[in-house]
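No lab work stands behind these numbers, since they all come straight from the coordinates. Everything quoted here is computed from the prediction, not taken from an experiment. Glycine gets a Cβ as well: all are built from the backbone with ideal geometry, and neighbour counts include every protein chain shown.
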Amino acid sequence: MNPVLRRTAADLAAAIRSGELTSVEVTEAFLARIEAVDDQVHAFLAVDRDRALETARRVDAKRSAGQALGPLAGVPIAVKDLLSYEGLPTTAGSRILENYRPVYNATIVQRLIDNDLVILGKTNLDEFAMGSSTETSAFGPTHNPWDLERIPGGSGGGSSAALAAFEAPLAIGTDTGGSIRQPASVTGTVGVKPTYGGTSRYGVIAMASSLDQPGPCARTVEDAALLHEVICGHDPLDSTSIDQPVPPVVEAARRADVRGMRIGVVRELGGEGYAPGVEQRFREAVEVLREAGAEIVEVSCPHFVYALPTYYLIMPAEVSSNLARYDGMRYGLRSGDDGSASVEQVMNRTRGEGFGEEAKRRIILGTYALSSGYYDAYYGSAQKVRTLISRDFEAAFAQCEVLVSPATPTTAFKLGERIDDPLAMYMADLCTIPSNLAGNASASFPCGLAPEDGLPVGFQVMAPPMADDRLYRVGAALERALTARWGGPLLDRAPDLTRSVQALVDEEK
Amino acid sequence: MSLTPDDVARLAALARIELTPAELAKLAPQLDVILDSVASVTAVAQGDIPPTSHALPLVNVFRDDVVTGSLSPDQVLANAPDAEDGRFRVPRILDEEA
């Protein structure tokens, strides 16, 4: 593998600033890697080769002209195909938007452009970000680089797989119930869901508006923090955007200091249903933090066990409302418009053909939860339990600075294993959903490989709203101690995908 | 409680989604299982608990009342399935029985 590919984003940016590497060299290395391995991984739905190289050339010219470069200038990045980016299709992984081309940029995309990052292309996802495996994408699943027969997590499995396969040093994800953190967990990468309102949702295709939150994906904690600072912060175009300074995440990542920090282990997020290797690596990571000077306490959040059912009422309700806009009239697929059919018939046909199975399931579930006679029992009750879950967080954060748990109960499962069992699929988000319901910051960091299957395990950290920096303190402390123990980053142990290709070529000879 | 394919068909009609009989037959038992598993919230939500619709306290956000840029008609119609004379062309609005 080209050694450039393994370098961190921070290191690549420094090399570009110092003149050791050009942005064009770095961008070409990642484009060549995508070319070499993406037919196996399928992380990308679109690769924007020409524009990426054009941007890289512009960054190199800026440097030659003596202009100051930002902290991630010239570094390539992959963007989940849920964010609007002019000039490329934005599909949300759905047939209904297959040929949709945005005429404006999402705020996050605009910030990447303004900060001279090089957008390589758009990554695969579950349809409208609904799923935990990328298998509901209308354009085929993404494969986990650790084991190509397994899921890369979801919905942001394209972004997580692109990082783990060294096809990009940075990526953007979105997290409604765990779609940044669970993919990070099962691919041995870093994924952060900022505080709700910390990143702009402008130009991000909506799934469940009160829960959706875009965030940074990376291979190291410092890289995630650098990207966090680029994309977060107030946006007047998003009325739920928080008008406060971005928490000092880069400083927190560099200090990596948990001395004296009170860390709460959530009693309810463990036990039955959790893989032994996941629990083992989680407990070891907690010990690592204790050795690094943190004070470990156990806390109870009794209503977290109701987070999953609460989420599966609130989220579909918002989905049924948000996805009503795909009516085949102004953009996207239109089906059955034969000159005699009515507008309603065309809508029915368009939505029947354009939406996949999971989108239909959630829209209908949401329609039911909001329908007259059932509203109070379902949606109304779920809103009340959401309050109880937020109160659990408030009580827990009164006792400790962060909460920790496994990021997802198991390691990566096999493609196809859960696709016909929606409830089993939904269990993948058991640990991540509470933070979406309460809106606090949360992240997943790699904490080792499960002994039973050799697959990555993620360590979840949850912090109070606008205390995102605490995630990075804990994540960086963990990363520092564990990489020292392992003798290098966890991803060094992932299979080198080019070797298998080379083996095939050799056999042919 | 159990949802029949007919119930699902009614919900699908409300949601404006045409479903095949095979889809209805597959979805009904799946939705049943999901609804069973979420029913537990009703029991927990007893008593005087204020509902949360949003994690943050929401306030109205206003911008200054000044003219800003907006999309051009060409941009607005760029993704239209069908357009005519600078407008979206849509199928007839009224149903036959109307």
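Shown here: chain B, whose C-alpha atoms stretch 52, 44, 26 Å along the first, second and third principal axes, sorted largest to smallest.
Of the residues A:Ile205, A:Ile296, the one with the fewest other Cβ atoms within 10 Å heads the list, and the complete ranking is A:Ile296, A:Ile205. With a 10 Å cut-off between alpha carbons and a GNM built on chain B, which of B:Gln75, B:Gln46, B:Gln30 moves the most? Highest fluctuation among the options: B:Gln75. Working from label points 7 Å from Cα in the Cα-to-Cβ sense, the A:Ala61 to A:Glu98 distance is 3.8 nm. Based on C-alpha pairs under 8 angstrom that are at least 6 apart in sequence, region A:68-129 has a relative contact order of 45 percent. Using 1/(1 + (r/R0)^6) with R0 = 56 angstrom and r between the beta carbons of A:Ala395 and B:Arg92, what's the FRET efficiency to the nearest 0.05? The pair A:Ala395/B:Arg92 has a calculated efficiency of 0.45.
Residues whose amide H falls under 5 Å from that of A:Val265, counting only those 5 or more places apart or on a different chain, are A:Val297, A:Glu298, A:Val299, A:Val404, with hydrogens built in the peptide plane.
Given the alpha-carbon gyration tensor of region A:243-351, what are the semi-axes of its equivalent ellipsoid in whole angstrom, ordered largest first, with each equal to the square root of 5 times an eigenvalue?
So the equivalent ellipsoid measures 49, 21, 13 Å along its semi-axes.
Summing +1 for each Lys or Arg and -1 for each Asp or Glu among the other residues whose beta-carbon sits under 13 angstrom from that of A:Gly339 gives 0.
Other residues with beta-carbon under 12 Å from the beta-carbon of A:Asp175 carry, at +1 per Lys or Arg and -1 per Asp or Glu, a net charge of +2. As a ratio to 2.2 N^0.38 Å, the alpha-carbon radius of gyration computed for region B:1-40 takes the value 1.14. Cα gyration tensor of region A:370-509, axes a ≥ b ≥ c as square roots of the eigenvalues: rounded (a/c below 1.5), prolate (a/b > b/c) or oblate? Judged from the Cα gyration tensor, region A:370-509 comes out oblate (a/c at least 1.5, b/c at or above a/b). Among the GluC sites (Glu not before Pro) in region B:3-98, those placed in a DSSP loop whose Cβ has at most 15 other Cβ atoms within 10 Å are B:Glu96, B:Glu97. The count of lysine pairs in the protein assembly as shown whose Cα atoms are under 28 Å apart, excluding pairs fewer than 8 places apart on the same chain, comes to 16. Coupling constants for region A:175-192 follow from the phi torsions by the Karplus curve (6.51 cos²θ - 1.76 cosθ + 1.60, θ = phi - 60°), and in residue order they are 9, 9, x, x, 5, 9, 6, 5, x, 4, 4, 7, 10, x, 10, 9, x, 10 Hz; glycine and proline get x.
Working note: Cα gyration tensor of the protein assembly as shown, eigenvalues times five, square-rooted, sorted largest first, giving semi-axes of 36, 31, 24 Å. Temperature 4 °C, viscosity 1.567 mPa s: under these conditions the Stokes-Einstein estimate for region A:1-158, based on its Kirkwood radius over C-alpha pairs, is 80 µm² per second.
Here the residues A:Arg201, A:Arg255, ranked from fewest to most Cβ neighbours within 10 Å of their Cβ, fall in the order A:Arg255, A:Arg201.
Note that region A:293-337, at 10 °C in a medium of 1.306 mPa s, gets a Stokes-Einstein diffusion coefficient of 109 µm²/s from its Kirkwood radius over C-alpha pairs. When A:Tyr331, A:Tyr374 are arranged by Cβ crowding within 10 Å, least crowded first, meaning fewest neighbours, the order is A:Tyr374, A:Tyr331.
Evaluating kT/(6 pi eta Rh) at 4 °C and 1.567 mPa s, with the Kirkwood radius of region A:276-415 over Cα pairs in the Stokes-Einstein relation, gives 68 µm² s⁻¹.
Relative to the Cα centre, the charge distribution of the protein assembly as shown, modelled as +1 at Lys and Arg Cβ and -1 at Asp and Glu Cβ, gives a dipole magnitude of about 1160 debye.
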